Structures are given as C-alpha cells and as structure tokens.
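The values are calculated or read from the model by the stated rules, or taken from the named source; none is laboratory data. Keep in mind that this is a model prediction, so the values were computed, not measured. Cβ coordinates were reconstructed from backbone atoms using ideal geometry, including for glycine residues, and neighbour counts include every protein chain displayed.
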2 protein chains.
Amino acid sequence: MSVTIKDIAKLAGVSHTTVSRALNDSPLINPETKERIQRIASSLNYTPNFSARSLVLDRSYNLGLFFSTLHSGTTAGFLYEAVKGVNDVIKDRYNLIVRGIDDYKDFHNINRKSFDGLIVMSQSASDQPFIEYATEKEIPLIVLNRQVDGVQVMNLVPDDKSGAYRVVEYLIRQGHRRIAILEGKPGFKSTQARREGYDEALRDYGVQIPGGYSVPGEYDLESGYAGMNRLLEHPVRPTAVFCSNDDMALGAVKAITQRRLKVPEDISVVGFDDLLFSGFMTPALTTVRRPIEAMSREGAIRLLAFIEKKQVEKDTVYFHTELVIRESVTTIQEANDQ
Amino acid sequence: MSVTIKDIAKLAGVSHTTVSRALNDSPLINPETKERIQRIASSLNYTPNFSARSLVLDRSYNLGLFFSTLHSGTTAGFLYEAVKGVNDVIKDRYNLIVRGIDDYKDFHNINRKSFDGLIVMSQSASDQPFIEYATEKEIPLIVLNRQVDGVQVMNLVPDDKSGAYRVVEYLIRQGHRRIAILEGKPGFKSTQARREGYDEALRDYGVQIPGGYSVPGEYDLESGYAGMNRLLEHPVRPTAVFCSNDDMALGAVKAITQRRLKVPEDISVVGFDDLLFSGFMTPALTTVRRPIEAMSREGAIRLLAFIEKKQVEKDTVYFHTELVIRESVTTIQEANDQ
DNA sequence: TAGTACATTGTTAACGTGTGCACCCTATGA
DNA sequence: TCATAGGGTGCACACGTTAACAATGTACTA
C-alpha cells in the first residue's frame, strides 16, 4: 500500500536499518549514501508511519489542551487565544488535541502512551480530580489560568487579584465611592481572586459600601444583564460597577441603557479580560487585560522543555495583568478627599 | 512499565491472543473466561496501547479539524462553535486535532496513517490545495462552510447568499433605498456570496444605489470601523449599511456613534453571523444566524459514517440561515412605493 | 606483516496488538 | 468404536520502526 523504509531499502540496495538512520540524519551513515537514500525517499513520497514510531519510541506526539468545560463559562475568545498560543509554539512537531474535561466519564484513555503532555486550562476546582489523576499517572502536565492547591505542578496564572485591585482603585481615584460588584461563576478561583482584589482596594482606601452591592453571576451575558437589573433596583444606586468579566459587563451595559440611563454618565462600568470586542463597544470598555495567549505560549514552551529535557521547576508563575483605560468610566467631583 | 495484554495473559493462565479477543468482546471466547479476563484487566487498570493497535489496524483514531487560518479572518466564536459541535459528536472515540492550514509549510505529515479523517472549516479558496491534496491521498474528508469547486467532496455550507438577500430585503421593506455594503475579506467565498445576495435583492426590488456604496473590508473590527468612516464621508450618506459580518458591524457602530450619530435613528446597521455578543450590543444587532455548530455536528456525523461504513454521498448540502430581527434597523417613511 | 582503530553497514530483536490457521477436546451420530 | 462437527484456545506471524550488537572493510601503526 504505502511506502515503507523497506521499500526504500530495496531500491537503494541497503538494509532498512541504514534507511532509518539516513532519514533520521544519523552521523553513522556515509554522507553520500545518506543523500542518495533521502533522494529516493522523497521521490517515492515517503512519509513515516507515526504509529510504528510511537510504538517503539514510546512517544505519541500528542499534546492535550484540556478546558474545564467547553459548554459554559468558557468564552469563545478564551478558547481561541489558547489554541492559537499553543499551536504557534508546537508547529507541526506535535498534534494538539482540544477537549473539555467534563466530556469524559472516566479518564481511562488519558495516559502516558496517548499523550506526551497535557496543558490544562483550568477555570474551576472541578478539574482538580483530573489534575491529580494526571499527576499520579506521571503525565507531563502544566496548569494554566488557575492556581492549583494540594498538588505540585507547573502552574502559570494571571494575577487576577492585583488586576481587580487596580481597576477598582482606578474607580476610587476617579471619585467613585458607591462601587458594586457583579461576581463570576461560583466556585471558580478567578471569581474569588477578583472579589478579593475588589475587597482589598475598598479596604485600603477606606471605602464603605452599602449592603446588597455584591451580586452573584455566571460569567455570561445573561447573568450580567440580570445582575445589573438587580443593582438598578437598589435604593442607593451605585455610581460604578465592577463586572467580573467583559461578557458580564456587556450584559450590564445592556440593562443600563434599556432603562434609558447612560454609560458612563449615569453609571460607570468596568470589566475584566479585555476581549476582542471590548474596545469596540459603545462606550469602549475600561477593563483588565489577561494575557491568555502569552500564557498559553509560555505554557507550551515549558511543557515541551519538560518533555524533552526533563529539567523544569514545578512552581507557580504569575503573569501581569494590564489596566486598559477606555471610555466607560466617568469622573465624579462630589464630596471626596481630593 | 505499564500493563499489557501479556501481563494479563500470565495472570489468567491463557495466551495473549485469548486476552485480546476477550477484551474486544469476541464471540469466539467462552463467556466465563471472557468475564474473568475482563475482571483481571480492570483490576490491573489496563489501558490498551493505541500506537500498537493503530499500527496493526491501520487506524489512528485521530480526526483533524482544520481552519483556513487561525490568525486572521477566523473569529473566536467560529472556532468555539466548531470545536464544540465536533467534540460533542465524537466523544472520546476519536482525538480531535485543531490546526490552521496556513501553519503548514508542506502537507507531508498529513496522511491516512495519521488521520482517519479530516474536517476542513474552509473560509477561502486559499485552502484549495489542501483539499485537493487530501482528496488525492484518499483521506476521508468533509468540507464545511465554503462550497468547493473542482473536486468532488462532501460539502456542507450555509446558504450565505439567501441569508444576505433576506436581510437586505428586510432593509428595503423597512423603506431603505440608500443601502451600502461593507464587504468581507477578499477572496473568501462567503464574501462573494453575501455580496451576491445583496446585489440580487437590490436588483429584484429595483433599488439603484450611488457609486461608492461598496467598501472592501477584512471581516474584522478595525476594517468595519475604517470602512464605515469612509461611508460617512460619502456625499450622499446611506440610510442603512449591510456589514458582511457582525465583527465589522460592531466596528461600524463604533464609527457612527463616535461622530455623534445614532444607530438606528440616523443610520441602520445589519450584520451577519449572529455572534454571542450581537444580541447584547447597544443597540442589539439585527443579523443573520449561521448554523456553525449544527453544521459542525452534522459534518462530524457524516465523516464518521463515511469512515466506518464507507457509504455516504459526496454532495453539497445547504444549511438554512435565519434572519434575526433586533433593534439596529429603523423604518423610513419617505418617498417610497408603499 | 600483523595488529588495531575506526568508519560504515547489516543482523536481529523488540515495541504491543490483532488474526489466520492449526490444534485439542467433547459431544453427537452411525 | 470411530468419524465428524464445532466450540474454545494457542502458535506464529504481521504491522513499520528503532537500536544494541555483530560484522565487514580500510587505513594506520608498531
């Protein structure tokens, strides 16, 4: 059927071993023979059988890119940037297999033989069992986006807390005191970290907020919309809202404008993530940029280094977030200490 | 190192052949032996070596999901829906490998041994060489989203032309006569199809438009923004703009509001794709829904059927698009024939 | 001239699984 | 008692590749 090294060997009048060595550019082979064999191979359109090679080398050339879920809580931009970042690094040296962890009933088919390494884009502790499973099976693993407790793993995470801190601090410096928060999906570590940054900024600046200023959400458009509607019915209407991600911010803006209020004149809105569309909303959204693509790229680099040289430290690295100031926040002049 | 069928064979006191048969549920094996072997296997946490199986069965269990490019012209939502749609179908029977075609310098590593089948999410004729290569190599193949000429392949495409026709027709029925178009990325078949729908609607309704109403674009936010700015400087300002996708529509809205004009009061805007955020923009965007996820799902089903039973017709199937009416179009009363 | 070192190539086995064929054993019927 | 059938199992090989080790030839040294 298809061309194998034995076919080439026959044509070249050498053993298949010699062909194998020649094609792998082994220094053992006479340069002339090597070149002759390579010419024959390419003239026959030879392509190596990866299964056979995998079998003997015990390498699959598969990398897994696993998301906590592909069904909810994962924004499209998130998936996009991650896939792009990783693919840019691995080129065609590896196959990138994309999957949602919650697609698996059991992890039976995840093992060293099938995956040379795993990149987990973690968004909640729900994938902790998966991470522990991979660790136990000794599959090279790197976890991105969420800080993992308990298990010692390579871990790259954005500094969500300080990002949230800075954007709330920015609101305060613009004179806002009545600052509400629309929270992310319960159980997600990022939800908690962003909440902590918010709390800490308020505390550091001695800002007291009324009860009912914290509204739960789901990281999606709908919950941003619904949550904002709840806030708009609050007896003491906030002057600014920190939304735990940009999707929710978009939903919030919708709710506000539907009541014939204006952003930012009546209410300021800030988000988190800096999605592609955020700069093109009306008004353009002030938000925090999360370096997903850079993190994915760096994650892939480290994972490959680990697979190939086995010499990387298993520690947590924080990636800086960046405050992106646009048009969705107004300055307030009233009774403040400025 | 890891458990093989030979280990199981030793423990069960049978040959590895029997184990292989038992685990594959062969009718040749005595039910009791079979059950005993299966018990031992699961107690040892046995997982088959896919490379070995692939080698002998000549199946890789890999499916490729290839995009024309991952770098520009592919929106995040597009990638997201496609990955989700396909993964939902293949479960863990296959590995889904996601890649941009333009990542490859040559297609050497794409072959029957490495991929049981390919799903091409095509957005431009630039991937025609890839499609022809796959066809020639006889790799099971299905092309989604773009109609392929020249080669006979399984082909699922949204009916872009009729979608564009309907949304432009809708504009006309709302009284618009000065309808401009922001075109998509040059060379993309969808760009052309949407343009044709636009042209045809105008023709059918006898609407004449001034020169300069057709502006080229790139399917991204920036070109929508830039293109709209050009239109706003036109001596005869359009009352409505058909944007070739939602990303461009968002850019267009940005350009309009920046000039202190309003959508839809001053200018109506319609898009194409119905991205997740489109319903949450202000104003919510009237657009055309493209059934990417449904198409991906159906594509995966057909590809698997082809791989496994080899009995599917290679023809083109059109998927209906759907007009989604929201708030970005106003009704015009002036001099019309209504 | 014999011995040694080195460069180049070949022999053979191994990776883990699936399968054609032969084999054994038991039950059945003549 | 013997031939036959058929259910159940094992032997041996195949898949395409890599690699340890052996073998060959050649040049150089003592």
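The condition of being at pLDDT 90 or above, hydrophobic (A, V, I, L, M, F, W, C) and within 14 Å of DNA strand C (Cβ to nearest atom) holds for only one of B:14, B:83, B:89, B:98, that being B:14. In segment A:167-187, the residues that are assigned by TED's automatic domain parsing to the domain that holds residue A:269 reach residues that are in a loop (DSSP other than H, G, I, E, B) and among the acidic types (Asp, Glu) with C-beta atoms within less than 9 angstrom, at least six apart or across chains, in these pairs: A:175/A:334; A:177/A:334; A:184/A:218; A:185/A:218; A:185/A:220; A:186/A:218.
Residue A:198: part of a loop (DSSP other than H, G, I, E, B) and crowded, with 24+ Cβ neighbours inside 10 Å, yes or no? For residue A:198, the condition - part of a loop (DSSP other than H, G, I, E, B) and crowded, with 24+ Cβ neighbours inside 10 Å - is not met.
Residues in segment A:159-190 that are among the aromatic types (Phe, Trp, Tyr) and part of a helix (DSSP H, G or I): A:165, A:170. For segment B:287-305, the criterion of being free of Cβ contacts under 8 Å to residues at least 40 places away in the same chain, assigned by TED's automatic domain parsing to the domain that holds residue B:164 and of a type in the set (A, V, I, L, M) is met by no residue. Taking first residues from segment B:18-35 that are in a loop (DSSP other than H, G, I, E, B) and partners that are within 11 Å of DNA strand C (Cβ to nearest atom) and among the basic types (Lys, Arg), the Cβ contacts under 8 Å between residues at least 6 apart in sequence or on separate chains come to B:28/B:21; B:29/B:21.
Among the residues of segment B:217-227, at least one is in contact (Cβ under 8 Å) with a residue 60 or more places away in the chain, touching a helix residue (DSSP H, G or I) at 6+ places or on another chain (Cβ under 7 Å) and closer than 26 Å to residue B:295 by Cα.
Which ones in segment A:37-50 are part of a helix (DSSP H, G or I) and surrounded by fewer than 16 Cβ atoms within 10 Å (Cβ to Cβ)? Listed by number, the residues that qualify are A:39, A:42, A:43.
On the basis of being of a type outside the set (Asp, Glu), near DNA strand C (Cβ under 8 Å from one of its atoms) and within 19 Å of residue A:106 (Cα to Cα), does residue B:45 make the cut? Judged against the criteria, residue B:45 is not a match. For segment A:61-78, filtered to residues that are under 25 Å from residue B:109 (Cα atoms) and in contact with a Phe, Trp or Tyr (Cβ under 6 Å, 6 or more places away or on another chain), the residue that is farthest from DNA strand D (Cβ to nearest atom) is A:64.
Candidates A:7, A:88: the one that is acidic (Asp, Glu) and farther than 21 Å from residue B:104 by Cα is A:7.
In segment A:164-176 there is no residue that is buried (at least 19 other Cβ atoms within 10 Å of the Cβ) and under 23 Å from residue B:64 (Cα atoms).
Residue-by-condition table, conditions (1) crowded, with 23+ Cβ neighbours inside 10 Å; (2) facing chain B (nearest Cβ under 8 Å):
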| site | (1), (2) |
| --- | --- |
| A:71 | no, yes |
| A:77 | yes, yes |
| A:84 | no, yes |
| A:91 | no, yes |
| A:100 | no, yes |
| A:103 | no, yes |
| A:111 | no, yes |
| A:115 | yes, no |
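Would you pick out the residues in segment A:1-59 that are within 14 Å of chain B (Cβ to nearest Cβ), charged (D, E, K, R) and either over 25 Å from residue B:52 (Cα atoms) or more than 9 Å from DNA strand D (Cβ to nearest atom) (or both)? Even if it seems obvious, please write down each step before you answer.
Here is the first cut: in segment A:1-59, the residues within 14 Å of chain B (Cβ to nearest Cβ) are A:1-5, A:23, A:38, A:41-59.
Narrowing the set further to residues that are charged (D, E, K, R) leaves A:53, A:58-59.
Within segment A:1-59, A:58, A:59 meet the criteria.
State all residues of segment A:19-42 that are of a type in the set (Asp, Glu) and within 8 Å of DNA strand C (Cβ to nearest atom); if no residue qualifies, say none.
Correct list: A:32 only.
Filtering segment B:257-292 to residues that are surrounded by 23 or more Cβ atoms within 10 Å (Cβ to Cβ) and of a type in the set (Val, Ile, Thr) leaves B:263, B:267, B:269, B:270, B:286, B:287, B:288, B:292.
Every condition in (1) free of Cβ contacts under 8 Å to residues at least 60 places away in the same chain; (2) of a type in the set (Asp, Glu); (3) not in a loop (DSSP other than H, G, I, E, B) is met by residue A:88 except one, and the failing one is (1). When segment A:304-331 is limited to residues that are surrounded by 18 or more Cβ atoms within 10 Å (Cβ to Cβ) and out of contact with any helix residue (DSSP H, G or I) (no Cβ under 9 Å at 6 or more places or on another chain), the one that is modelled with the highest pLDDT turns out to be A:330.
Under the condition of being in contact (Cβ under 8 Å) with a residue 40 or more places away in the chain and acidic (Asp, Glu), the residues counted in segment A:92-118 number 1. Does segment B:119-127 contain at least one residue that is small (Gly, Ala, Ser), away from every other protein chain (no Cβ under 14 Å), part of a helix (DSSP H, G or I) and touching a residue at least 12 places away in the same chain (Cβ under 8 Å)? Yes; the residues of segment B:119-127 include at least one that is small (Gly, Ala, Ser), away from every other protein chain (no Cβ under 14 Å), part of a helix (DSSP H, G or I) and touching a residue at least 12 places away in the same chain (Cβ under 8 Å).
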